[in-house]
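Just so it is clear, none of the values below were taken in a lab; they were calculated from the coordinates. Only a predicted model underlies this, so the values are computations on that prediction, with no experimental measurement involved. Neighbour counts are summed over all protein chains in view; Cβ atoms, including those assigned to glycine, are modelled from backbone coordinates with ideal geometry.
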Ligand code: BMA
């Protein structure tokens with residue numbers, strides 16, 4: 001269409017203060033093109049980050065030409081539309097400055113009509129080093145604001161620049177500070193109207209939803225226009241009189257007996273098509289969306305424990321099971337949409353119903369939210385502020401006001417977004433600052449997150465809850481933000497405070513929005529970025545890649561607390577993943593048993609920004625860790641779980657299903673190492689909807705050595721089945737023998753059997769990309785465990801060939817022999 005000139009494609013890139021010249025892509029980032037063209041080695045290899053800081057210290061200029069016709073330059077509006085520039089940039093058209101940018105989360109639109117001409121035009125975007133800008137702003141501010149630095153290269157004062165905080169290094173990622181036009185750039189030449197945003201509100205009545213839609217239309221002149229809103233097969237044509245500038249055009253629909261949008265695990269996430277089109281001056285502009293009709297409430301009511309914190313969706317109190325999301329690569333342009341879809345699909349298949357977009361990353365790209373809408377994943381959306389106090393200068397407040405307004409208008413229609421959260425851990429950082437700074441920081445905090453952003457969100461998106469910080473007790477309750485009796489919490493007492501993981505069962509918060517434990521990525525993932533001599537947890541390269549203080553030693557120490565020590569690199573990796581999975585499982589089962597006091601937990605973290613030790617469930621190469629499979633069991637709608645007090649074992653059924661269930665529980669006491677059944681107990685049980693209930697108790701046989709015993713629990717209903725295993729001595733002391741595992745692989749199907757009890761059986765797929773439908777399970781004699789391998793992408797047959805070559809199976813005993 002001659003009204004939009006898409007400037008995506010190849011541009012010239014030049015290092016202004018150096019000699020490098022290359023051609024690169026828009027949308028894109030300088031690092032990405034330098035790496036692809038062999039000018040820069042991959043920053044993720046070994047310690048390359050160390051020698052690559054010069055890239056972000058350089059000034060880079062993107063330039064190209066574009067053609068405009070007489071007709072195009074004569075249109076009433078000629079606008080340069082930059083969807084995302086990272087970050088500090090100056091833009092010139094035909095050598096004339098048209099604007100400056102300093103916020104990567106904003107969409108910038110510049111009027112360039114005065115600068116263009118018919119024929120060939122030039123455009124240049126010059127990016128300035130972000131660290132220098134952070135420093136300049138930090139030093140110019142009248143007060144010395146605290147700032148974080150995790151790794152050796154992290155620059156000071158990242159809180160002064162509206163750039164993804166994780167670009168400057170985090171406790172799971174390197175510092176690279178990428179620069180470039182990371183989202184599309186285009187020119188629009190128009191006489192007619194342009195739809196800047198399409199938002200809506202919903203009013204839910206029994207069997208009926210009223211949808212009120214608002215299109216924000218920019219018009220270059222005062223003129224008549226036709227506006228057509230369509231929702232499903234309902235449509236309303238309107239004739240409107242647009243004034244020059246921004247116009248709001250509103251309409252409403254009544255949807256009878258609507259298909260509702262339900263979160264994963266509760267029903268179908270039904271979507272309806274909503275569109276708006278404006279016809280004006282012989283031009284059309286249109287926006288198409290998929291919306292979901294649903295009501296999400298954040299319920300906080302005083303109760304005997306303190307104050308509830310739970311999400312009610314379409315009237316159902318929903319236990320939240322989820323994960324935290326960080327940027328999937330520090331170079332966003334090299335992360336394909338497909339990879340985001342893969343990770344979110346894995347989360348949904350693991351039983352998640354919520355993903356938290358963490359505040360030190362990005363407002364994610366459209367594909368992220370569309371996928372969450374489709375999968376029924378609720379999104380806890382942090383605004384992009386994390387772990388720092390922020391300046392409250394007029395410029396800063398103006399910039400973040402524009403940013404949040406833009407992002408809310410962009411994202412508001414997604415049914416997945418459940419809540420806007422002001423920031424990550426800013427209240428907590430301030431709470432731990434000594435006086436007198438603390439009081440001053442609180443006043444400024446209040447100015448930004450309560451007086452500026454909260455009213456803005458109420459105005460832009462009145463029906464969505466706003467939560468000031470994570471963790472928090474709610475607006476203006478500046479007591480301990482991590483109070484277990486109210487609000488949400490971040491439970492770091494295990495990883496950061498060095499308690500063994502059973503400690504989780506001593507803490508029972510209302511909602512846990514972060515908790516987790518680190519492990520190592522798959523051996524194949526680390527092999528691709530290290531040399532053989534690096535492959536030891538205490539090597540210089542592994543220490544370099546670990547950004548959480550003493551992280552590698554913490555992993556090793558906690559393995560040794562629970563397991564016999566590993567003897568090889570592969571078994572170190574395996575045990576780190578077994579330990580991580582057990583830690584998280586212990587916490588999740590406790591917090592699910594604690595329903596309704598606790599109404600949700602979000603594991604830190606689903607994904608990785610680079611290949612390194614971290615808290616992730618899926619590593620940077622897309623290989624699932626054992627944790628992902630453990631979550632599938634621990635997050636299942638029906639869960640059987642047990643706790644032991646002395647010789648007595650209490651069995652619980654936890655159900656996240658609204659309807660009551662009839663279940664059948666089988667407890668098999670097995671002897672170790674043989675795994676043979678020595679006693680079977682059975683009972684029938686009624687399980688109320690949305691509940692956690694003790695359903696059975698039994699005693700351990702007297703005078704049995706606890707190291708020689710385990711209990712297998714099986715809870716079955718007509719359609720559901722949950723299985724769990726309980727041990728009565730630390731894993732490291734259990735009487736285990738070589739289980740004598742045997743397996744047969746036929747195409748994508750693996751059948752496993754075992755002579756003795758085999759614990760944490762892990763099938764490694766080598767180079768084959770994909771995942772088993774289960775992994776990391778216990779296997780007892782007499783069972784035939786059938787696993788199916790699903791390649792990613794799903795139709796990739798070559799993965800099945802790779803599987804044959806790379807298959808390796810570990811279990812706890814053989815890994816620690
Ligand atoms: C949480 C997050 C991140 C961090 C993680 C692990 O508090 O908010 O800041 O990466 O802990 O330390």
Take the alpha-carbon centre of the stretch 360-435, take the same for the stretch 481-531, and report the distance between them in whole Å. 22 Å
Given a Förster radius of 41 Å and the C-beta distance between residue 508 and residue 39 as r, what FRET efficiency does 1/(1 + (r/R0)^6) yield to the nearest 0.05? 0.15
Likely footprinting exposure, 230, 565, fewest C-beta neighbours within 10 Å first: 565, 230
Taking only C-alpha pairs under 8 Å that are 6+ residues apart, what is the relative contact order of the stretch 163-226 in percent? 25 percent
If each of residue 533 and residue 76 carries a label point 7 Å out from its Cα toward its Cβ, how far apart are those two points in nm? 7.0 nm
In what sequence do 8, 754 fall when counting other Cβ within 10 Å, fewest first? 8, 754
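Based on the inverse mean of 1/r over its pairs of different Cα atoms, what is the Kirkwood hydrodynamic radius of the stretch 558-608, in Å?
12.6 Å
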Using Cα-Cα distances under 8 Å and only pairs 6 or more residues apart, what relative contact order does the chain have, in percent? 9 percent
For the stretch 645-690: relative contact order, % (alpha-carbon pairs under 8 angstrom, 6 or more apart): 46 percent
Would you mind checking the tilt of helix 130-140 against the longest principal axis of the Cα atoms of the chain, expressed as 0 to 90 degrees and rounded to 10? 80 degrees
Mind jotting down the distance between the C-alpha centroids of the stretch 634-688 and the stretch 316-348, whole Å? 32 Å
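Any chance you could run the full-extension gain for residue 111 through residue 203? It's 0.36 nm times the residue separation minus the Cα-Cα distance, nm to one decimal.
Full extension of this stretch gives 29.3 nm more.
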For residue 742 paired with residue 238, estimate the spin-label separation in nm (one decimal), with each label point 7 Å from Cα along the Cα-to-Cβ line. 7.3 nm
As a test of the formula, what do you get for the chain when each DSSP H run with n ≥ 4 contributes -39,500 (n - 2.57) and the sum is divided by the residue count, at 222 nm and rounded to the nearest 500 deg cm²/dmol? -5500 deg cm²/dmol
What's the FRET efficiency of residue 733 with residue 800 using the Cβ-Cβ distance as r and R₀ = 30 Å, to the nearest 0.05? 0.15
Expressed in angstrom and ordered largest first, the alpha-carbon extents of the chain along the principal axes are 92, 64, 63
Which distance in nm do the two modelled labels at residue 136 and residue 568 give, with both placed 7 Å along the Cα-to-Cβ direction? 5.5 nm
Report the paramagnetic label zone for residue 432: residues of the stretch 494-514 whose backbone N is under 17 Å from a point 7 Å from Cα along the Cα-to-Cβ axis. 494-499, 513-514
If each residue's Cβ is checked for other Cβ atoms within 10 Å, how do 175, 352, 387 rank with the fewest at the top? 387, 175, 352
Kirkwood-based Rg over Rh for the stretch 88-147 (C-alpha set), two decimals? 1.13
Global form of the stretch 714-759, assessed from the alpha-carbon gyration tensor, a/c cut-off 1.5: oblate
Once each part is reduced to its C-alpha centroid, what is the distance from the stretch 294-311 to the stretch 32-75 in angstrom? 48 Å
Between residue 254 and residue 226, the FRET efficiency computed from the C-beta separation at R0 = 22 Å comes out, to the nearest 0.05, as 0.50
Whole-Å semi-axes of the ellipsoid equivalent to the stretch 403-537 (Cα gyration tensor, √5λ, descending): 33, 22, 16
Once you have the Cα-Cα distance between residue 458 and residue 694, take 0.36 nm times their residue separation minus that, and quote the gain in nm to one decimal. 80.7 nm
With Cα coordinates, the longest principal axis of the chain makes an angle with the long axis of helix 366-375, in degrees rounded to 10, of 40 degrees
